[in-house]
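So the structure is just underneath, and the comments pick up after that.
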Amino acid sequence: MKAPVSWLREFADLPASASVAGIAERIAGVGFEVAGLEGEVIDFEITANRPDCLSIRGLAREAAAAYGVQGPAVLGSGGPAVLGSGVPVTIESDLCGRYALALADVKVGASPAWLANRLAACGVRPSNNVVDVTNYVMLETGQPLHAFDVARLAGPEIRVRMARAGETLTTLDGQARTLDAAMLVIADRDRAVAVAGVMGGAPSEVSASTTRIALESAYFQPAPVRAASKRMGLKTEASSRFERGADPAAAVTALARALDLFEQIGAGRRVGGVTDVHPAPVAGRTVTLQRAPLDRLLGDVVPDADVARILASLGFVAAPAAGGWDVRVPTWRVDVAREADLIEEVGRHWGVNRVPATFPALHTAPRRSNAAVLRARRIRRLLCGAGLQEAVTFTFIEQAAASLFVAEPASLVSIANPLSEKFAVLRPSMLPGLLDALVYNRRRDLDDVRLFEAGAVFSTAGERQRVGWVLCGARLAHWSQPPAAVDLYDALGVAGVLTEAYTLACHTEPATDAPWFVPGRAAAVIADCGTGPQRIGTVGQLRPEIVDARGLSAGIVIAGELDVDVLRDTTVAGRRVTPLPRHPAAIRDLSILIDAGLPAAAVRATIRAHAPASLVEVREFDRYQGKGIPDGQISLSVRLTFQERDRTLTDAEVQQAVEIIVDALAGTHGAALRH
């Protein structure tokens, strides 16, 4: 909300010495974010629960309370008008709580400079004197107004009703829109002429030939306005106010203000009285504020006189009562409904900085954290210790990104009312968000990125808890090893950190049902969960075209995902700590010729099955296919690590173990040692 300083001073009795920066600092001190300063205009970020501050008078009220000076006067009682406008008004839906209408003879033309300049300062493009007055009053009071050309209304009469299924309306932006039966519309005798609270229609638009207008000022329920605005994809200044909660008492007073401005600038004069249809007047709320909760929640004692002063400066009427006050809430404060809301008002204007810093008293022992919270905390600690950094991404993602990470697009869970297309579905995997986070970091010249995130994923089958990770760049290696890029085994190592911590015995198998990974470079993580083998995750290299589509055209991205729900059924009780080995390891590298279609997992399994107990690690480090290698075969290089805990192995023992392994590979897979 843009607020020209001259306009604020007009409605709040601010001292002339109050500078732009000073006013901004004072209002920011009571809970509003100052987005920027430009000349003599202050730009404030207004939270969704404060529609009363989407107006100059509302901001002036806050500024006056912050400075302790006289605030803007109340425009009027908001009571019903006695006279009628001469245009029949009928409300056919309880979604409209109040509808006021007045007629005015007008002469459409340019607005005076002072009016046009004030609108421009608030970011509103001046149009003509009739439209400019309605915008001016909306910015001043927060009450949207709309003018109809009476000559273009059938009847003329006004009916506030629900739209008919399939009814069409061309709105002021020139778009022909099909309405549905859930939308509230303003209609004349024959057709809809406006979508209530959102935008007027072109058939009744005020033009240069207009001589008489019907000026509307109404109160609509917030929810249907918000729904209609979303369905039409149409966000307007009026809808942003109505959907947050307008002031029902402001309808007639804002209308009177606009009629006065017409006469003041010579744009027109009122004709007759005002029609005010108000079926169920909104009764003002009264909320009890007790001294004990006020002191307890604020952590400080605010004097009674200051409590009454603060509330009065904000428009509340506080009457002394037993142990506190009975506070009548003004109709424009739709966000105040309970005692805690009043305490917040007192606290922010009293000054949170004045509350002494003390620890709260604990009367009971804190409850033990939920098991899922403890599990997530442990997973974060484990992966941070493994050199990864945690990312936090959105649960809502765009459908195009989500569909790349599911085998069945029909399993995606769509959002019925998304904020935008970028938040259209619930994420089916942790990888889309992590990939975008990786791309974000790579664009900022971070070559080595290792990210993880734990959270919920969704499908039509239900919700699951998973942890995902993405890696690119150089591997975290020992100083004695040469630099190398991350590969599939780094992703498997991340999975191993988690499964070993939860004492899950795991092995890998080729994964062919994850189309987002490069074929042949993906592995399924299989765990023995006590009830038999169960697939708990998948790791692999993301397909280059998927990485390219997210904006990263260079580099290999390795990723993995693990089902966290499986980990909750395991136990870490009774684990034994094994000391680090005191004797050196012996390493032997083998290069063997094997069939090109033979999975590396099968080679590892054969080696494990025939090797002595001294074999502690098997790792593939090279795969070659090309010149010098027979057709249909590959050269696979594996590194074997042997080690005993109580002694140093001899060369003869290591050589004997290697020969046993080579013979087993030859007999089982027809492998030949490559020299």
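From the list 455, 462, exactly one residue is in contact (Cβ under 8 Å) with a residue 12 or more places away in the chain, within 35 Å of the chain's Cα centre (by Cα) and either assigned by TED's automatic domain parsing to the domain that holds residue 438 or closer than 17 Å to residue 381 by Cα (or both). Which is it?
Just one listed residue meets the conditions, 455.
Would you confirm whether or not region 219-228 contains a residue that is touching a helix residue (DSSP H, G or I) at 6+ places or on another chain (Cβ under 7 Å), part of a strand (DSSP E or B) and closer than 25 Å to residue 53 by Cβ?
Scanning region 219-228, I find at least one residue that is touching a helix residue (DSSP H, G or I) at 6+ places or on another chain (Cβ under 7 Å), part of a strand (DSSP E or B) and closer than 25 Å to residue 53 by Cβ, so the answer is yes.
Do any strands (runs of 3 or more DSSP E) entirely within region 100-173 hold 2 or more residues that are surrounded by 23 or more Cβ atoms within 10 Å (Cβ to Cβ) and out of contact with any Leu (no Cβ under 7 Å at 6 or more places or on another chain), and if so, which?
Where strands (runs of 3 or more DSSP E) fall fully within region 100-173 and carry at least 2 residues being surrounded by 23 or more Cβ atoms within 10 Å (Cβ to Cβ) and out of contact with any Leu (no Cβ under 7 Å at 6 or more places or on another chain), they are 145-149.
Just to be sure I understand, how many residues within region 497-512 are in contact with a strand residue (DSSP E or B) (Cβ under 8 Å, 6 or more places away or on another chain) and modelled with pLDDT under 90?
10
Take the residues of region 426-444 that are closer than 14 Å to residue 542 by Cβ and out of contact with any Lys or Arg (no Cβ under 9 Å at 6 or more places or on another chain): which is surrounded by the fewest Cβ atoms within 10 Å (Cβ to Cβ)?
437
Take the residues in region 595-614 that are touching a residue at least 60 places away in the same chain (Cβ under 8 Å) and among the β-branched types (Val, Ile, Thr); name whichever of them is surrounded by the fewest Cβ atoms within 10 Å (Cβ to Cβ).
606
Each row is one residue, and each column tells you yes or no for (1) among the aliphatic types (A, V, I, L, M); (2) outside any helix (DSSP H, G or I).
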site	(1), (2)
3	yes, yes
8	yes, no
14	yes, yes
17	no, yes
31	no, yes
47	no, yes
60	yes, no
64	yes, no
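Restricting the search to region 125-149, which residues are out of contact with any strand residue (DSSP E or B) (no Cβ under 9 Å at 6 or more places or on another chain) and either over 10 Å from residue 258 (Cβ atoms) or polar (S, T, N, Q) (or both)?
If the condition is that a residue be out of contact with any strand residue (DSSP E or B) (no Cβ under 9 Å at 6 or more places or on another chain) and either over 10 Å from residue 258 (Cβ atoms) or polar (S, T, N, Q) (or both), then 125, 126, 127, 128, 132, 141, 142 are the ones that fit.
Quick one: would you say residue 503 is hydroxyl-bearing (Ser, Thr, Tyr), touching a residue at least 40 places away in the same chain (Cβ under 8 Å), assigned by TED's automatic domain parsing to the domain that holds residue 542 and touching a Phe, Trp or Tyr at 6+ places or on another chain (Cβ under 9 Å)?
Answer is no for this residue.
Hey, which of the helices (runs of 4 or more DSSP H) in region 237-299, taking only ones fully inside, have at least 2 residues that are modelled with pLDDT of 90 or more, outside the structural domain of residue 113 (by TED's automatic domain parsing) and surrounded by fewer than 23 Cβ atoms within 10 Å (Cβ to Cβ)?
291-298
Return the residues of region 164-178 that are small (Gly, Ala, Ser) and either closer than 15 Å to residue 204 by Cβ or within 32 Å of the chain's Cα centre (by Cα) (or both); say none if nothing qualifies.
Hits for region 164-178 are 174, 176.
The values are calculated or read from the model by the stated rules, or taken from the named source; none is laboratory data. Because the structure is predicted, anything quoted here is derived from the model rather than measured. In this analysis, Cβ positions are derived from the backbone assuming ideal geometry, glycine residues included, and neighbour counts consider all displayed protein chains.
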